[in-house]
1. Testing ALA301 on (1) farther than 30 Å from LYS205 by Cβ; (2) assigned to a helix (DSSP H, G or I), one condition comes back false. Which one is that?
2. Taking only the stretch 319-332 into account, find how many residues are open to solvent by 60 Å² or more (accessible area, probe 1.4 Å) and either of a type outside the set (Asp, Glu) or within 13 Å of TYR289 (Cα to Cα) (or both).
3. Looking only at the stretch 130-168, count how many residues are open to solvent by 50 Å² or more (accessible area, probe 1.4 Å) and either closer than 18 Å to ILE111 by Cβ or touching a strand residue (DSSP E or B) at 6+ places or on another chain (Cβ under 7 Å) (or both).
4. If I ask for residues that are among the aliphatic types (A, V, I, L, M) and either farther than 20 Å from GLU251 by Cα or in contact with a strand residue (DSSP E or B) (Cβ under 7 Å, 6 or more places away or on another chain) (or both), which ones from the stretch 265-293 would you list?
5. For ALA171, only one of the following conditions fails: (1) under 27 Å from VAL222 (Cβ atoms); (2) open to solvent by 20 Å² or more (accessible area, probe 1.4 Å); (3) part of a helix (DSSP H, G or I). What is its number?
6. For the stretch 210-229, what are the residues that are free of Cβ contacts under 8 Å to residues at least 12 places away in the same chain and among the polar types (S, T, N, Q)?
7. Among TYR255, TYR263, TYR289, which is part of a helix (DSSP H, G or I), more than 30 Å from ALA196 (Cα to Cα) and open to solvent by less than 100 Å² (accessible area, probe 1.4 Å)?
8. It is to be established whether one or more residues within the stretch 210-220 are over 27 Å from PHE152 (Cα atoms) and touching a Lys or Arg at 6+ places or on another chain (Cβ under 8 Å).
Amino acid sequence: MDFKKIIIIVVIFLIFFLGLLYFLKQDSTANQSKQSLSPEEQMTMERISPLGTGEGFWDEAISPFREDKTKPYLELLDDLKTGKINFVWEVWALRRKCKAEYTPDQCNATILAYIDAEYESPDKEKVKDLFISYFRYEEEYRKWEQPTDLSFVELYEKIKAKRRDVLNDKADLIFGMEESQVSFLEGTQNFIKQSANLPAEQRVKQFEDLKKKTYGTYYDSVVSREDKFDHYQVEMSLRDKEFNAITDPKEKEKYLNRIEIKYFGKERAGSLAEERSKESKFKESISKYELKEKDFLRENANLSAAEKEKKLKELRIQFLGSEEEADAYIRRKNIEEAGK
């Protein structure tokens, strides 16, 4: 994943987020139990952070509200402050449990009744207050006439201000992790441009420092959900200039192996190195075969097509190691030729 891809991810996220904002402006009486995923659920499944996986979301999303795992208010509060859970995801996970014929208001009322049944005072009142505050925010947001001549960054600042106007100190609990993710995406764009000429080690360290500073208390939870391979690709992108400057293939392999051990462990890094070695040898064998093929066709122009193909197949098996590999080579070549 090079930085051009990261920028594309950032742009896609911003476009998607604008779509989410549009959704919230729609008629609040629309049925919320459509077969398709809600925008909030889509945002989760599509990984709103470049490094987030979203794996295991549904188990995680409803965890504070399972019958056998109802969390005390203070524990729920701590999970929200540290990003272990995302309040908006919780709301929409619960809404998916509502009956298909329910109106939004009926679904919201059902959620509140569920909290009444599962929590004891004073936790019950505090948890309900969070949900009621969020429901009220949704209503206020739908009524809000947004400016239409602003950039995403400017509009998002207005939205953040609106959240705090309606929710006061609850805005950070409900939207804090999302806002830190947006800030990190914006910060990543700036970092890419400003750090291009830094030494690789310094660049990697500063990128991680930016991440820690931007995510703050959410950092550990965000990192725990990251896909190791995506994170590995980001670091290799940060090291791109240094890595490409290495001319010795053995030194290049050592460099790769060191970073892969960091993310995948020694055993997996060894397997990756072995796979690269096999692929390299196979490509070398193909190159040797194709040179031999050209010489053969030039020197045996008068042979029949059948005789040529018989001899070429023998050469392919000789150079590529087996009839299976020889046949696979032909299939790949036919596909490539068809695509031209």
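1. (2)
2. Going through the stretch 319-332, the residues open to solvent by 60 Å² or more (accessible area, probe 1.4 Å) turn out to be 321, 323-325, 331-332.
Restricting the remaining residues to those that are either of a type outside the set (Asp, Glu) or within 13 Å of TYR289 (Cα to Cα) (or both) gives 321, 325, 331-332.
Counting residues in the stretch 319-332 that are open to solvent by 60 Å² or more (accessible area, probe 1.4 Å) and either of a type outside the set (Asp, Glu) or within 13 Å of TYR289 (Cα to Cα) (or both) gives 4.
3. 3
4. Residues of the stretch 265-293 that are among the aliphatic types (A, V, I, L, M), as a first pass: 269, 272-273, 286, 291.
ILE286, LEU291 - these are the residues of the stretch 265-293 that are among the aliphatic types (A, V, I, L, M) and either farther than 20 Å from GLU251 by Cα or in contact with a strand residue (DSSP E or B) (Cβ under 7 Å, 6 or more places away or on another chain) (or both).
5. For ALA171, the exception is condition (2).
6. Correct list: SER224 only.
7. Working: TYR255 fails: more than 30 Å from ALA196 (Cα to Cα); TYR263 fails: more than 30 Å from ALA196 (Cα to Cα).
On inspection, the qualifying residue turns out to be TYR289.
8. Going through the stretch 210-220, the residues over 27 Å from PHE152 (Cα atoms) turn out to be 220.
Then keep just the ones that are touching a Lys or Arg at 6+ places or on another chain (Cβ under 8 Å); that gives none.
The answer is no, given that none of the residues of the stretch 210-220 is over 27 Å from PHE152 (Cα atoms) and touching a Lys or Arg at 6+ places or on another chain (Cβ under 8 Å).
The values are calculated or read from the model by the stated rules, or taken from the named source; none is laboratory data. A quick note: this is a predicted structure, and the numbers were derived from the prediction, not measured. Note that we place each Cβ from the backbone using ideal geometry, even for glycine, and neighbour counts take in every protein chain shown. The protein model used for the area step is the full one, side chains on, heavy atoms only, and it has no ligands, DNA or RNA in it. Shrake-Rupley method; radii C 1.70, N 1.55, O 1.52, S 1.80 Å.
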